[in-house]
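Take a look at the structure set out below.
The values are calculated or read from the model by the stated rules, or taken from the named source; none is laboratory data. Remember, predicted model here, so these are calculated numbers, not experimental data. No Cβ is skipped: glycine too gets one built from the backbone with ideal geometry, and neighbour counts run over all protein chains shown. Please note that ligands, DNA and RNA were not included when accessible areas were found on the heavy atoms of the full protein model with its side chains. Shrake-Rupley method; radii C 1.70, N 1.55, O 1.52, S 1.80 Å.
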Amino acid sequence: MSAERLAIDGGTPVRTSLLPYARQDISDDDVAAVAAALRSDWLTTGPRVPAFEEALATATGCRHAVAFSSGTAALHGAMASLGLARGSEVLTTPMTFAATANAILYVGAEPRFADVNSGSLLLDPDAVAAALAPATRALVAVDYAGHPADYAALRVVADAAPGGPLPIVADAAHSLGATRGGRPVGTLADLTVLSLHPAKIMTTGEGGAVLTEDRDRAAFLRRFRNHGIGTELAARSDWTYAMVQLGYNYRLTDVMAALGMSQLARLDGFLASRRRLAARYRAAFAGHWALDVQAVAPDADPSWHLFVVLLRLDRLHVDRAAVYHALRAEGIGVNVHYIPVHRHSFYRQRYPDLEGRFPVAEAAYERLLTLPLFSAMTDRDVDDVVAAVDKVTAAYRAG
Ligand SMILES: Cc1ncc(COP(=O)(O)O)c(C=O)c1O
């Protein structure tokens, strides 16, 4: 049987308009909440921000949530809150967005990388153990694609580190609402960083948060995001304020917090929808001849920020780029997450000897594709993606 003619070769595309890989889900209630904030006395940080923080803390089972203007700003705050000495080393994964490693550099520390597990693409605790050095002061794990890292195993490694028990930061930009071992994200690491970017599980436009059990750390983070000033504008009784540490303007606004509050009320629905759609993909791709899906640990319930597949390139006569372009021509907005951090030119120049040092992440990168997944997608959309993947891989089958 000859393969169907691909859209990239002039055939009929599976979809006539591009299905994006991610998309925010904004309801009329969200719009009304933002409009009400715009009509209120507060555009910047007012009463809606602490209300949102309290709701976020309740939703994640964590004592304190501190909102930031982005996930990157929240990562910066999280790293600063560790009080690392200049030149300290922080171990993280190369399979992440550059912001994870950049935040380590922001505070004068040095990112060091450890390889990922080949099935889950999560930081491999054995690789972390092997990469620990006397200068290692913290670990930053990433809940890649929404699957919580293996914090229990990382904890064992961090506790036995030569530098003493190391703090573990969860970059949970992808994993709000996920659980591991029955425990929710927000309670798995010493501190947890969320992103509320529009592509993520829920959004405030741009936004982020740090979750922590520690009251003093939360107070540090509130000052850090507000120029190092102890009292926020809405809580001041006169003109006085004390700037007590170096800080930044990383505040979330009341307008954003209004959207966050409204989106948080919809979080369970977002998660249910992502889990249903991911299950449909996984059923369709089970045992697929041309690709593998991300391995899910038996004790994990991911939030499915991303649905990633790994092409079996030995069974295709083209590379990932050809499959990517062919799928885009079919109307499927595939993407790639991630170019391993150490392969970006900035990191290559700073750390020129890292190429080839993380073979699992580097080999996975050559095979990776992110398929569309967002809460408002329909089962039909998933079926279109599956049909397009089948069509393209069949046309490029080797032999
Ligand atoms: C793993 C990871 N960490 C951090 C960030 C940064 O978050 P933000 O875009 O909210 O600054 C992102 C966002 O893409 C991310 O995917």
Describe numerically, in nm with one decimal, the distance between label points set 7 Å from Cα along Cα→Cβ at residue 86 and at residue 183.
3.6
Rounded to whole Å, sorted largest first: equivalent-ellipsoid semi-axes of segment 153-204, Cα gyration tensor:
26, 12, 7
Quick one: length gained pulling residue 213 to residue 272 fully straight, 0.36 nm per residue minus the C-alpha distance?
18.5 nm
Please list, ordered by chain and number, the residues whose modelled amide H lies under 5 Å from the amide H of residue 226; skip anything fewer than 5 residues away on the same chain.
248, 250
What is the mean projected area of the alpha carbon convex hull for segment 253-399, to one decimal in square nanometres?
12.0
Rounded to 5, percent antiparallel among DSSP beta bridges of the chain:
60
Would you tell me the accessible area of residue 106, worked out with a 1.4 angstrom probe on the heavy atoms of the protein chains, in Å² to the nearest 10?
110
Can you find, among 175, 117, 140, the residue sitting farthest towards the positive end of the charge dipole of segment 87-185, where Lys and Arg contribute +1 and Asp and Glu -1 at Cβ?
175
Over all directions, how big on average is the projection of the convex hull of the alpha-carbon atoms in segment 1-142, in square nanometres?
15.6
Kirkwood hydrodynamic radius over Cα pairs of segment 62-139, then Stokes diffusion coefficient at 4 °C and 1.567 mPa s, in µm²/s:
98
Under the Karplus relation 6.51 cos²θ - 1.76 cosθ + 1.60, θ = phi - 60°, what is the ordered set of whole-Hz ³J(HN,Hα) values for segment 252-263, x standing for Gly and Pro?
7, 9, 5, 5, 5, 5, 4, 5, x, 4, 5, 5
How high is the relative contact order of the chain, given as a whole-number percent (alpha carbon pairs under 8 Å, six or more residues apart)?
24
Which whole-number percent is the relative contact order of segment 295-379 (Cα, under 8 Å, 6+ apart)?
46
Dividing the convex hull volume of the Cα atoms of segment 324-399 by its residue count, what figure in Å³ per residue is obtained?
132
Round to the nearest 10 and report in Å² the accessible area of residue 70, as given by a 1.4 Å probe over the protein chains' heavy atoms.
30
Largest first, how would 396, 324 line up by accessible area (1.4 Å probe)?
324, 396
For the residue 133, residue 15 Cβ pair and Förster radius 56 Å, calculated FRET efficiency rounded to 0.05 is 0.70
For the chain, report the convex hull volume of the alpha-carbon atoms normalised per residue, in Å³, without decimals.
143
Expressed as cubic angstrom per residue, what is the convex hull volume of the alpha carbon set of segment 83-239?
127
Helix 48-60: inclination vs the chain longest Cα principal axis, degrees, rounded to 10, gives 60
Could you give each residue of segment 160-171 its phi-based ³J(HN,Hα) in whole Hz, using Karplus coefficients 6.51, -1.76, 1.60 with θ = phi - 60°, and x for Gly or Pro?
8, 5, x, x, x, x, 9, x, 10, 9, 9, 7
Karplus (6.51, -1.76, 1.60) ³J(HN,Hα), θ = phi - 60°, over segment 185-199, in Hz, Gly and Pro reported as x:
4, x, 10, 8, 10, 5, 8, 10, 10, 10, 10, 10, 5, x, 7
Fraction of alpha-carbon pairs over 26 Å apart in segment 149-284 - percent:
38
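Run lengths n ≥ 4 of DSSP H only: what is the helix-derived mean residue ellipticity at 222 nm for the chain, with -39500 (n - 2.57) per run over all residues, to the nearest 500?
It lands at -11000 deg cm²/dmol.
Given 25 °C and 0.890 mPa s, compute D for segment 8-68 with the Stokes-Einstein relation, Rh being the Kirkwood radius over Cα pairs; round to the nearest whole µm²/s.
Answer, rounded: 159 µm²/s.
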Any idea which of 382, 356, 372 is furthest toward the positive side of the dipole for segment 309-399, if Lys and Arg beta-carbons carry +1 and Asp and Glu beta-carbons -1?
356
